[in-house]
1. Need one number: nm distance between label points at Cys66 and Phe13, each 7 Å from Cα along Cα→Cβ, rounded to one decimal.
2. More than 19 Å apart: what percent of Cα pairs in the range 152-219 qualify?
3. Using only Cα atoms, tell me the angle between helix 166-182 and the longest principal axis of the chain; keep it within 0 to 90° and round to the nearest 10.
4. So what is the orientation-averaged projected area of the range 5-89, using the convex hull of its C-alpha atoms, in nm²?
5. Please give the charge dipole size of the chain, origin at the Cα centre, charges +1 on K and R Cβ atoms and -1 on D and E Cβ atoms. Round to the nearest 20 debye.
6. Kindly report the accessible area of the range 65-163 per residue (heavy atoms of protein chains, probe 1.4 Å, no ligands, DNA or RNA), in Å².
7. Using a Förster radius of 45 Å, what is the FRET efficiency between Gln59 and Arg129 based on their Cβ-Cβ separation? Nearest 0.05, please.
8. Averaged per residue, what accessible area in Å² does the range 1-55 show with a 1.4 Å probe, protein chains only?
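The values are calculated or read from the model by the stated rules, or taken from the named source; none is laboratory data. Because the structure is predicted, anything quoted here is derived from the model rather than measured. Please note: Cβ atoms are built from the backbone with ideal geometry, for glycine as well, and neighbour counts cover all protein chains shown. What goes into the accessible areas is simple: the full protein's heavy atoms, side chains included, and nothing from ligands, DNA or RNA. Shrake-Rupley method; radii C 1.70, N 1.55, O 1.52, S 1.80 Å.
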Amino acid sequence: MSVPEMFSHIQGFLSADQEIREDIRKVVQVLEQTAREILTLLQSVHQPSGFKEIPSKCQKARELFCTVRTHLGELKTKFPVDQYYRFHEHWRFVLQRLAFLAAFVVYLESESLVTREEVAQILGIEVVREKGFHLDVEDYLAGVLTMASELSRLAVNSVTAGDYSRPLRISNFINDLDSGFRLLNLKNDPLRKRYDGLKYDVKKIEEVVYDLSIRGLAKEQEAGGDK
């Protein structure tokens with residue numbers, strides 16, 4: 001093979017690779033739009049009247065996740081099944097965002113931590129790497145950490161809405177989450193930096209709970225619940 005032929009062959013490879021990446025970007029853009037729609041929907045729970053609407057907002061969010069599953073199904077077809085990590089950077093951010101949104105919905109519904117398997121099921125993708133398009137464990141953890149930041153905000157807004165028991169429940173949940181992350185040896189720099197943010201979330205929520213205890217509001221709500 002001559003030098004011109006060799007470089008012509010390389011150009012063909014580069015062109016094919018670029019076409020794949022462009023096809024992926026188009027689907028990812030649609031996924032990002034749907035993720036923004038879900039986020040906008042869930043942001044309304046932070047409003048004083050939003051707490052009463054949590055069940056209906058979560059139901060609408062789950063309906064939008066059906067659209068997400070369709071787009072992710074399309075994304076799977078845009079690249080060779082064995083080259084997931086070669087193109088991973090294209091969808092990593094939106095997949096982490098979707099993992100966060102799924103985790104937030106599950107928390108709002110049950111005040112429990114979503115598992116990686118549950119997130120994968122909501123998104124319609126795999127958990128096991130060998131099965132193809134899957135939810136990488138670090139993408140799942142990044143989504144959970146983003147949810148923690150959202151819960152610290154929810155704790156503050158709960159007080160504004162007059163729900164004084166919710167911050168205590170959020171505090172217990174975030175403390176358990178923090179304990180879980182302490183068991184992990186995080187070597188991924190971006191993930192470790194996000195975990196550092198969890199410490200601030202814990203502190204922020206503790207300040208809310210402390211303020212409630214000083215003002216006696218948490219005790220008043222507990223007493224009201226006992227009646």
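1. Here the answer is 4.5 nm between the modelled labels.
2. On the way: 828 of 2278 pairs.
Pairs farther apart than 19 Å: 36 percent.
3. Around 50 degrees separate the two axes.
4. On the way: hull surface 27.1 nm².
That works out to 6.8 nm².
5. Computed about the Cα centre, the dipole is about 320 debye.
6. Details: 4030 Å² over 99 residues.
On a per-residue basis, the range 65-163 sits at 41 Å².
7. Here the calculated transfer efficiency is 0.90.
8. On the way: 3560 Å² over 55 residues.
Spelled out: the 1.4 Å probe surface of the range 1-55, per residue, equals 65 Å².
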